[in-house]
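One structure is given here, and the rest of the page talks about it.
Throughout, read-outs are computed from the coordinates displayed, never taken from laboratory work. Predicted model only: the values in this text are computed from it and were never measured. Cβ placement follows ideal geometry from the backbone for every residue including glycine, while neighbour counts extend to all protein chains displayed.
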């Protein structure tokens, strides 16, 4: 699940679904300061409703929004295990800004790349520094979080998936491993078009941006892509 995570949080009006679709600076400021516990409690309730007819179910959630509220996520989901995929933040900024700009084009004829880029620069700088803090102070125990890199996945997607499964104590059997490789072979990147984006489109100072993410990149040994 990805879209469903932010949609479930929208029930209490605390969700990046709104920041992605609309340019409302006052809401952005409010969201940055509010307690996200009600949003995650609703998120948990939605998952409970969806799995009410099933037992022994393990949810796999995929959304970058969780990075921004890790302490709250861990409070509401105390048995959660995390996989963090590291990538050059400047490449991430180009990608996410392009995506959000596309979403906003459905609601407005005035979409500012620079505003969107600056918003995500500030957001990810805080959140990635927060990830370093949580790792340094032991809040993210080694047995509940697995770190990998985007380049590793792109170089060996099936091997990276297997490594993640092993790290989380759910190793893939032969049949599942074969199915994963078959799926990846049948769905290569770019088969349905290419997402084109660039950090240069954001109007941000690359020197300032590199300095803002220096602590994170150094701590997790994240190489530059751009």
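Could you compute the FRET efficiency for residue 84 and residue 27, with r as their C-beta to C-beta distance and R0 at 30 Å, rounded to 0.05?
According to the calculation, E is roughly 0.65.
Of all the options 195, 43, 147, the one that moves most in a Gaussian network model of the chain with Cα springs shorter than 10 angstrom is 195. As a length-normalised measure over Cα pairs under 8 Å and 6 or more apart, the relative contact order of the chain settles at 25 percent.
Cα gyration tensor of region 81-226, axes a ≥ b ≥ c as square roots of the eigenvalues: rounded (a/c below 1.5), prolate (a/b > b/c) or oblate? Cα axes put region 81-226 in the oblate bin. Between region 156-183 and region 184-226, the C-alpha centres lie 25 angstrom from each other. Once you've got the GNM for the chain with C-alpha springs shorter than 10 Å, pick whichever of 161, 24, 84 has the biggest mean-square fluctuation. For the chain, modelled as a Gaussian network with Cα springs under 10 Å, the answer is 24.
Between residue 44 and residue 12, the contour length at 0.36 nm per residue exceeds the alpha carbon distance by 10.2 nm. Under the rule a/c < 1.5 gives rounded, and otherwise a/b versus b/c splits prolate from oblate, where does region 39-124 land using the Cα gyration tensor? Prolate. Per-residue ellipticity at 222 nm from helix content only, as computed over the chain with -39500 (n - 2.57) for each DSSP H run of at least four residues, stands at -17000 deg cm²/dmol.
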